[in-house]
Amino acid sequence: MDTQNAPIAPADAAPAENTETTETGHLLGAADIRRIAQEAGVSPTKKFGQNFVIDPGTVRRIVREAGVTAETEVMEVGPGLGSLTLAILETGATMTAVEIDPPLAERLPDTVAEFMPEASDRLTVVLHDALTVTPADVPQFAGGRPFRLVANLPYNVATPIVLTLLERFGNLDSFLVMVQKEVADRLAAAPGSKIYGTPSVKLAWYGTAERAGVIGRNVFWPAPNVDSALVRFRRHPAGEGYDPAERKTVFALIDAAFGQRRKTLHAALKKTVPAGAFEAAGIDPTRRGETLTIDEFVRLAHAVRTMEDADSGNAAGSGNAINAVNEEGTDEQ
């Protein structure tokens with residue numbers, strides 16, 4: 001197991017004393033969560049965006065929406081005290097939980113051993129920051145076999161986590177995650193809407209996303225100050241996606257366009273896109289970036305590369321204008 005220090009914040013309010021445990025005894029209710037937290041000496045922290053699910057019905061719903069079966073290989077990011085972990089294991093699936101908080105990572109195997117001992121050999125816990133995890137850190141996902149992300153993600157870093165994992169793990173073929181409702185709306189937004197932005201179009205590079213329902217605040221400890229929602233994603237089938245070698249160029253172009261989203265493409269990208277590239281890509285330069293699909297961003301980036309290659313005669317130098325511009329481009333949450 002990897003090691004990484006992570007401080008624990010002062011205690012927060014605990015769940016109500018009169019909350020019952022789940023009837024099956026296999027999944028965690030609020031009283032179970034309270035006891036486990038006390039025994040482990042942990043409490044939810046704002047630093048890690050922790051809000052623990054205390055309702056068995058909610059975690060079963062997440063697993064059902066994710067389509068997890070006994071044959072599914074699952075990664076969970078931010079397992080916390082184990083509510084969703086147990087629901088995933090209940091299906092017979094094999095899973096790896098990536099947890100940044102050392103006390104939580106240390107406690108999770110004990111919780112599974114207590115509530116679902118028959119599933120202990122199907123759980124691997126990795127102490128690591130999901131934003132820096134690589135296939136070398138989780139070799140069970142390095143062989144190319146498809147796996148699925150199922151998680152109640154830390155709300156403050158949800159978008160960077162999904163984009164980072166999709167980039168680093170080409171075999172991450174789908175996910176079902178719970179995030180802040182506004183983040184869910186942006187991830188699944190369509191071109192032309194006010195909430196369509198860099199997360200929407202970058203996620204579309206990898207595949208298709210959709211909203212999969214809303215989750216009430218009362219199923220968490222502590223109750224968050226925001227609403228929550230589920231996002232379902234499936235990666236483009238093999239052979240139907242985009243060239244991975246072009247991703248950095250396309251993403252830099254997206255950042256440049258949305259860095260000044262109220263401007264026309266011609267104005268926002270005047271330092272990035274050479275004359276003639278819009279026409280070559282079949283895109284009206286008076287449009288705004290928020291109206292472009294991922295296909296159109298890819299076409300525009302390809303046109304820029306083609307023109308730069310023709311001018312320089314050196315393909316290795318292509319894309320430099322795009323990659324050098326707009327370092328302030330935003331990865332919206």
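The values are calculated or read from the model by the stated rules, or taken from the named source; none is laboratory data. Everything quoted here is computed from the prediction, not taken from an experiment. Cβ sites come from the backbone with ideal geometry, for glycine too, and all protein chains shown count toward neighbours.
Answer yes or no: is there a residue in the range 189-198 that is in contact with a His (Cβ under 9 Å, 6 or more places away or on another chain), surrounded by fewer than 21 Cβ atoms within 10 Å (Cβ to Cβ) and of a type in the set (Val, Ile, Thr).
Start the filter on the range 189-198 by keeping residues that are in contact with a His (Cβ under 9 Å, 6 or more places away or on another chain), which leaves none.
No, that holds for no residue.
Of these, 208, 264, 272, which one is closer than 23 Å to residue 174 by Cβ and hydroxyl-bearing (Ser, Thr, Tyr)? Give the derivation first.
On the way: 264 fails: closer than 23 Å to residue 174 by Cβ; 272 fails: closer than 23 Å to residue 174 by Cβ.
Among 208, 264, 272, only 208 is closer than 23 Å to residue 174 by Cβ and hydroxyl-bearing (Ser, Thr, Tyr).
Any residue that is more than 22 Å from residue 50 (Cβ to Cβ), buried (at least 22 other Cβ atoms within 10 Å of the Cβ) and of a type in the set (Val, Ile, Thr) - is there at least one of those in the range 132-146?
Of all residues in the range 132-146, those more than 22 Å from residue 50 (Cβ to Cβ) come to 134-136, 139-146.
Still in the running and buried (at least 22 other Cβ atoms within 10 Å of the Cβ): none.
No.
From the list 105, 87, 113, 136, exactly one residue is in the same structural domain as residue 209 (by TED's automatic domain parsing) and in contact with a strand residue (DSSP E or B) (Cβ under 8 Å, 6 or more places away or on another chain). Which is it?
Only one candidate qualifies: 105.
Please work out which residue is nearest to the chain's Cα centre (by Cα), limiting yourself to the range 117-131 and to residues that are loosely packed, with under 13 Cβ neighbours inside 10 Å and acidic (Asp, Glu).
Per the criteria, the residue is 121.
From 71, 76, which residue is of a type outside the set (Ser, Thr, Tyr), in the same structural domain as residue 157 (by TED's automatic domain parsing), within 17 Å of residue 176 (Cβ to Cβ) and part of a loop (DSSP other than H, G, I, E, B)? Before you say what the answer is, go through the steps one by one.
Numbers: 76 fails: part of a loop (DSSP other than H, G, I, E, B).
Being of a type outside the set (Ser, Thr, Tyr), in the same structural domain as residue 157 (by TED's automatic domain parsing), within 17 Å of residue 176 (Cβ to Cβ) and part of a loop (DSSP other than H, G, I, E, B) holds for just one of 71, 76, which is 71.
Kindly evaluate residue 264 against the criterion of being surrounded by fewer than 18 Cβ atoms within 10 Å (Cβ to Cβ) and not assigned by TED's automatic domain parsing to the domain that holds residue 175.
On the way: surrounded by fewer than 18 Cβ atoms within 10 Å (Cβ to Cβ): yes; not assigned by TED's automatic domain parsing to the domain that holds residue 175: yes.
Against the criterion (surrounded by fewer than 18 Cβ atoms within 10 Å (Cβ to Cβ) and not assigned by TED's automatic domain parsing to the domain that holds residue 175), residue 264 qualifies.
State all residues of the range 185-214 that are out of contact with any strand residue (DSSP E or B) (no Cβ under 8 Å at 6 or more places or on another chain), assigned to a helix (DSSP H, G or I) and hydrophobic (A, V, I, L, M, F, W, C); if no residue qualifies, say none.
Passing the criteria: 201, 204, 205.
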